[in-house]
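Since the structure comes first, as structure tokens, the remarks are kept for the end.
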Amino acid sequence: MKKILITGGAGFIGSHVVRLFVNKYPKYQIYNLDALTYAGNLFNLKDVENSPNYHFIKADIVDGEKMMQLFGQYEFDSVIHLAAESHVDRSITNPMEFIMTNIVGTVNLLNAANHHWKSDFEGKRFYHISTDEVYGSLGATGFFTESTSYDPHSPYSASKASSDHLVRAYHDTYRLPMVISNCSNNYGPNQFPEKLIPLFINNIRNNKPLPVYGKGENIRDWLYVVDHARAIDVIFHKGSDGQTYNIGGHNEWTNIDLIKLMCKVMDEKLIRAEGTSEKLISYVKDRAGHDLRYAIDSTKLQRELGWIPSLQFEEGIRLTIDWYLNNQVWLDEVTSGNYLKYYEKQYEER
Ligand code: NAD
Ligand code: DAU
């Protein structure tokens, strides 16, 4: 019987990971620890909240004493660490929250795990979930591999790079058993509508402008969130100690092509004349330090652990749009109150 601490389980990716583990492994005890920031929403987990192997702990990973106490109290034997500040634009306006949660919070978890596990590392694992943004930006060709040098550009990616280094340092210094994965852009249900895809779906349904940064030429490699959760399951169980695995969809889109595809599908779904949604496109000032292109080479994960994405993008984006249109109450709830204030501040200068 495993006792797994999943941090950030009320967020976008974390909620899919919690659901998968709770349902697939009834003998594991799953502890979802989340501070419920603006991005954490327990409504994402309504379907599993009464499962006997699911437990919720409201706590902030920046509180080191609390992390130490919780490890003693619950005797976790594994950690899947997703809790983070995750939005690049927010990191540009408020870097300190990213330093505190992504760096200090990660070190607090490492200290607590190391302290409670060091007498016997057998059967223990600290799995740190990271991003392809630590590798920086690609030109027109090439892919990020596990040996690409780190070259982060935003406070967000620099804080994630820092946390990756610290996880490796605890492995090399204290022998803390660990594994890291670096994933490309995720999309799918339950993503907070500040990120490109849910933000634009929400704006299209409300006939609001679609703020395209710069010329819309930046390229991202999109992966369906459930496929990321499946990869996390495989790496958690089969990944080798001390290793890093890249996860990606081999699915590159320029922002503008992706936005035009979303406009086309939304016109169909909302029974609007073809071309209606595209008229909402509005080119705005570019993001500072905007990385041009991300693209992941996930050969190692595919060859060594046998993971491949299950969903083609055209199918995934339709499923995603359907989910948001069928869950407009969820969208309305998260786009009210504090989020709206953030949204207005974010775009008032563009
Ligand atoms: P998210 O912003 O949707 O969720 C983050 C969760 O962490 C929220 O539930 C929030 O309440 C919680 N949290 C934040 N600060 C906390 C703190 N101090 N203590 C406890 N909980 C806290 O993020 P996401 O998009 O689901 O990303 C999850 C992880 O995956 C992050 O580590 C991110 O860097 C990484 N990642 C994300 C993507 C992506 O495309 N979204 C891609 C690759 C890697
Ligand atoms: O690559 C993995 C990363 O993907 C994760 O680590 C991050 O947590 C996640 O937020 C995501 O980062 P991006 O910056 O790539 O995602 P975002 O959805 O913010 O932006 C995607 C692209 O769309 C990017 O080139 C910026 C652009 N964009 C974004 C927004 C919010 C716009 O043109 N307009 C917008 O309003």
Quiz item: Here are some residues: E268, E304, E278, E315. Which one is more than 16 Å from ligand 2 (Cβ to nearest atom) and farther than 30 Å from K238 by Cβ?
Solution: E268
Quiz item: If you take the residues of region 174-210 that are closer than 30 Å to H115 by Cα and of a type in the set (S, T, Y), which of them is farthest from ligand 2 (Cβ to nearest atom)?
Solution: Y174
Quiz item: Take the residues of region 19-42 that are open to solvent by less than 40 Å² (accessible area, probe 1.4 Å) and within 15 Å of N186 (Cβ to Cβ): which is nearest to ligand 1 (Cβ to nearest atom)?
Solution: A39
Practice problem: Return yes when G275 is small (G, A, S), without any contact (Cβ under 8 Å) to a residue 40 or more places away in the chain and open to solvent by less than 40 Å² (accessible area, probe 1.4 Å) and no when it is not. | Solution: yes
Quiz item: Looking only at region 312-336, which residues are within 21 Å of the chain's Cα centre (by Cα), open to solvent by 40 Å² or more (accessible area, probe 1.4 Å) and of a type outside the set (D, E, K, R)?
Solution: Q312, L319, W323, N327
Exercise. Confirm whether R287 is without any contact (Cβ under 8 Å) to a residue 12 or more places away in the chain and either touching a strand residue (DSSP E or B) at 6+ places or on another chain (Cβ under 6 Å) or open to solvent by 30 Å² or more (accessible area, probe 1.4 Å) (or both).
Key: no
Quiz item: So which of G142, G136 ends up being among the small types (G, A, S), more than 10 Å from ligand 1 (Cβ to nearest atom), at pLDDT 95 or above and surrounded by fewer than 17 Cβ atoms within 10 Å (Cβ to Cβ)?
Solution: G142
Quiz item: Looking only at region 203-232, which residues are open to solvent by less than 10 Å² (accessible area, probe 1.4 Å), of a type outside the set (D, E, K, R) and more than 12 Å from the chain's Cα centre (by Cα)?
Solution: N203, I204, L210, V212, G216, A231
Quiz item: Given the conditions (1) away from ligand 2 (no atom under 16 Å from the Cβ); (2) part of a loop (DSSP other than H, G, I, E, B); (3) touching a helix residue (DSSP H, G or I) at 6+ places or on another chain (Cβ under 9 Å), which single one is not true for A84?
Solution: (1)
Practice problem: Given the conditions (1) under 21 Å from the mean Cα position of the chain (by Cα); (2) under 26 Å from Y294 (Cβ atoms); (3) away from ligand 1 (no atom under 16 Å from the Cβ), report the number of the one that F126 does not fulfil. | Solution: (3)
Quiz item: Does S240 satisfy the condition of being modelled with pLDDT of 95 or more, closer than 26 Å to H165 by Cα and surrounded by fewer than 18 Cβ atoms within 10 Å (Cβ to Cβ)?
Solution: yes
Self-check item: Residue check, I99 within 15 Å of I6 (Cβ to Cβ) and among the β-branched types (V, I, T)
Solution: no
Practice problem: Go over the candidates I6, I61, I99, I103 one by one and state the one that is within 12 Å of ligand 1 (Cβ to nearest atom), in a loop (DSSP other than H, G, I, E, B) and either touching a residue at least 12 places away in the same chain (Cβ under 8 Å) or over 24 Å from T131 (Cα atoms) (or both). | Solution: I61
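The values are calculated or read from the model by the stated rules, or taken from the named source; none is laboratory data. Quick caveat, the model's predicted, so the values are computed rather than measured. No Cβ is skipped: glycine too gets one built from the backbone with ideal geometry, and neighbour counts run over all protein chains shown. Ligands, DNA and RNA are excluded from the accessible area calculation, which covers all protein heavy atoms including side chains. Shrake-Rupley method; radii C 1.70, N 1.55, O 1.52, S 1.80 Å.
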